[in-house]
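**Student:** Next up is a structure, given as C-alpha cells.
The values are calculated or read from the model by the stated rules, or taken from the named source; none is laboratory data. Note that the structure is predicted; figures quoted are calculated from it, not measured. Cβ placement follows ideal geometry from the backbone for every residue including glycine, while neighbour counts extend to all protein chains displayed. The protein model used for the area step is the full one, side chains on, heavy atoms only, and it has no ligands, DNA or RNA in it. Shrake-Rupley method; radii C 1.70, N 1.55, O 1.52, S 1.80 Å.
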Amino acid sequence: MPARAMGSAAISFGLVTVPVRIYPAVQSSAGISFHMLHKKDGVRLKQQFICPKDEEVVPRSETVRGYEIAKDKYVIFTDQELQALAEKATNGIEIKEFVPDDSVDPVYFERTYYLGADKGGDKAYALLADAMKDSGKAALAQYAARGKDYLVLLRSNGDRLMMQQLYHADEVRPASEVPAPERKSTPAELKLARQLIDQVSSDSFHPEKYADEVRKRIEQLIKAKAKGQPIEAPSPRRKAEVVDLMEALKKSLGQGGRRAPARAARREEPARKTARR
C-alpha cells in the first residue's frame, strides 16, 4: 500500500526551491492501554474538570487558558490572543547551512519523516539529493508548521531525502550532568572486551531480527485472561551482582572454564611433595 502524504512544503536555499510532500517514516504499533472502569458495574469512567476552590464540575465551555508567572498567579489569554502568539505556518523548509552528514549527535533526533518530490519538483529534488549524497553533507533548516518553528536536518540516501526533526539545544541535557567513572580500563581488560565485542558483531543492522517481546507477552496474557485462564506474576529478577571484571570477560569468551583447573593443580602440587618428604 503506497504511503500517504501528511502535508506539503517547499525546501529553499539560495534561489532554488524544491516542492516536496511529507510522509511519516514510522508507523507506531497500536499501544496496549488499559481503561479505568467502575469496579461495581465495569462501566468505563469519564474524566471531568473540577474546581478545587468551588468544589464543582466545570464544563469545557467555561475554561480558559493561562500561563503561570508566579505561584498560583496566571496571565489569561483568549483564543484570538493564542492564535496571535502562534508561529505563522509558512510550510517552508529554509536551509540555513550544510554540515557533515555524521556531525549531529543522535541525542538531538526527535522524529523522522520522508520527503518525496511534489508536482513539478522532480528535477530539483533529484539534483539536491544527488549533490548532498555526493558531498557527504546534511542540511540544517528551519521549518514553520502547526504553530511552531522546528529545527530539522535534511539527509540524502542518494535516491530520497529524509527530514529529521531535532530538539533545540536548550531541550537536550548536557552529558556532563551525568557522573562518569574516574577509573580507566587496563590494556588487558580492553583487549578482552574487544574480543567479546567482535564475537557478537554484525556487518549491518537488521531491524527485522528484533521484536517487542514485552508487547507479545502481554498480548498472550490478555488472550489467556479473556479465556478465563489465571495470570501468574513472573518470578522477580535477581539483582545484578558485582563480579570480578576480568573473570567475567574471560567466562563470556569461554576461556574461564579451561584455565581455572590448571591454576588449582599448581596450588595443590607443593602440598603433595611435602607429604612425601
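**Student:** Hey, does the range 160-167 have a residue that's among the hydroxyl-bearing types (S, T, Y) and not in a loop (DSSP other than H, G, I, E, B)? Lay out the reasoning, then the answer.
**Tutor:** Residues of the range 160-167 among the hydroxyl-bearing types (S, T, Y): 167.
If we keep only those that are not in a loop (DSSP other than H, G, I, E, B) as well, we get none.
No - not one qualifying residue is present in the range 160-167.
**Student:** Do we find a residue being open to solvent by 100 Å² or more (accessible area, probe 1.4 Å) and acidic (D, E) anywhere in the range 147-158? Please lay out each step first, then the result.
**Tutor:** Taking the range 147-158 first, the residues open to solvent by 100 Å² or more (accessible area, probe 1.4 Å) are none.
No.
**Student:** Whether any residue in the range 118-130 is closer than 30 Å to L82 by Cβ and surrounded by 14 or more Cβ atoms within 10 Å (Cβ to Cβ) is what I want to check.
**Tutor:** So the first thing to find is which residues in the range 118-130 are closer than 30 Å to L82 by Cβ, and the list is none.
No, every residue in the range 118-130 fails to be closer than 30 Å to L82 by Cβ and surrounded by 14 or more Cβ atoms within 10 Å (Cβ to Cβ).
**Student:** Mind listing whichever residues of the range 1-16 are modelled with pLDDT under 90, surrounded by 11 or more Cβ atoms within 10 Å (Cβ to Cβ) and not small (G, A, S)?
**Tutor:** Of everything in the range 1-16, those that are modelled with pLDDT under 90, surrounded by 11 or more Cβ atoms within 10 Å (Cβ to Cβ) and not small (G, A, S) turn out to be F13, V16.
Residue-wise test of (1) open to solvent by less than 100 Å² (accessible area, probe 1.4 Å); (2) closer than 30 Å to V104 by Cβ.
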{"site": "A139", "(1), (2)": "yes, yes"}
{"site": "A145", "(1), (2)": "yes, yes"}
{"site": "R160", "(1), (2)": "no, yes"}
{"site": "Q164", "(1), (2)": "yes, yes"}
{"site": "A169", "(1), (2)": "yes, yes"}
{"site": "A188", "(1), (2)": "yes, no"}
{"site": "S202", "(1), (2)": "yes, yes"}
{"site": "I218", "(1), (2)": "yes, no"}
{"site": "G228", "(1), (2)": "yes, no"}
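**Student:** Here is a follow-up. Could you tell me whether I231 is at pLDDT below 85, touching a Lys or Arg at 6+ places or on another chain (Cβ under 7 Å) and of a type outside the set (G, A, S)?
**Tutor:** yes
**Student:** Check D203, D170, D212 and return the single one that is more than 30 Å from Y125 (Cβ to Cβ), under 25 Å from the mean Cα position of the chain (by Cα) and touching a residue at least 12 places away in the same chain (Cβ under 8 Å).
**Tutor:** Details: D203 fails: touching a residue at least 12 places away in the same chain (Cβ under 8 Å); D170 fails: touching a residue at least 12 places away in the same chain (Cβ under 8 Å).
Answer to the check: D212.
**Student:** Just to be sure, is V99 within 21 Å of V172 (Cβ to Cβ), open to solvent by less than 80 Å² (accessible area, probe 1.4 Å), of a type outside the set (D, E, K, R) and more than 22 Å from the chain's Cα centre (by Cα)?
**Tutor:** Working: within 21 Å of V172 (Cβ to Cβ): yes; open to solvent by less than 80 Å² (accessible area, probe 1.4 Å): yes; of a type outside the set (D, E, K, R): yes; more than 22 Å from the chain's Cα centre (by Cα): yes.
It is true that V99 is within 21 Å of V172 (Cβ to Cβ), open to solvent by less than 80 Å² (accessible area, probe 1.4 Å), of a type outside the set (D, E, K, R) and more than 22 Å from the chain's Cα centre (by Cα).
**Student:** So which residues in the range 35-46 are among the hydrophobic types (A, V, I, L, M, F, W, C) and part of a loop (DSSP other than H, G, I, E, B), if there are any at all?
**Tutor:** Those that are among the hydrophobic types (A, V, I, L, M, F, W, C) and part of a loop (DSSP other than H, G, I, E, B): M36, V43, L45.
**Student:** In addition: Identify, by number, the condition in (1) of a type in the set (S, T, N, Q); (2) within 30 Å of I32 (Cα to Cα); (3) modelled with pLDDT under 65 that Q255 doesn't meet.
**Tutor:** Going through (1) of a type in the set (S, T, N, Q); (2) within 30 Å of I32 (Cα to Cα); (3) modelled with pLDDT under 65 one by one, Q255 breaks only (2).
**Student:** Here is a follow-up. Which ones in the range 47-68 are open to solvent by 100 Å² or more (accessible area, probe 1.4 Å) and farther than 20 Å from Q83 by Cα? Working first, answer last.
**Tutor:** Looking only at the range 47-68, we keep the residues that are open to solvent by 100 Å² or more (accessible area, probe 1.4 Å), and these are 47-50, 52-53, 55, 60-62, 64-65, 67.
The answer is Q47, Q48, F49, I50, P52, K53, E55.
**Student:** Can you go through I32, I76 and tell me which one is part of a strand (DSSP E or B) and either touching a Lys or Arg at 6+ places or on another chain (Cβ under 8 Å) or surrounded by 10 or more Cβ atoms within 10 Å (Cβ to Cβ) (or both)? Full working, then the answer.
**Tutor:** On the way: I32 fails: part of a strand (DSSP E or B).
Result of the check over I32, I76: I76.
**Student:** Moving to a separate point now. For the range 15-69: of the residues being touching a Leu at 6+ places or on another chain (Cβ under 8 Å) and basic (K, R), which is farthest from L161 (Cα to Cα)?
**Tutor:** Here the residue is R44.
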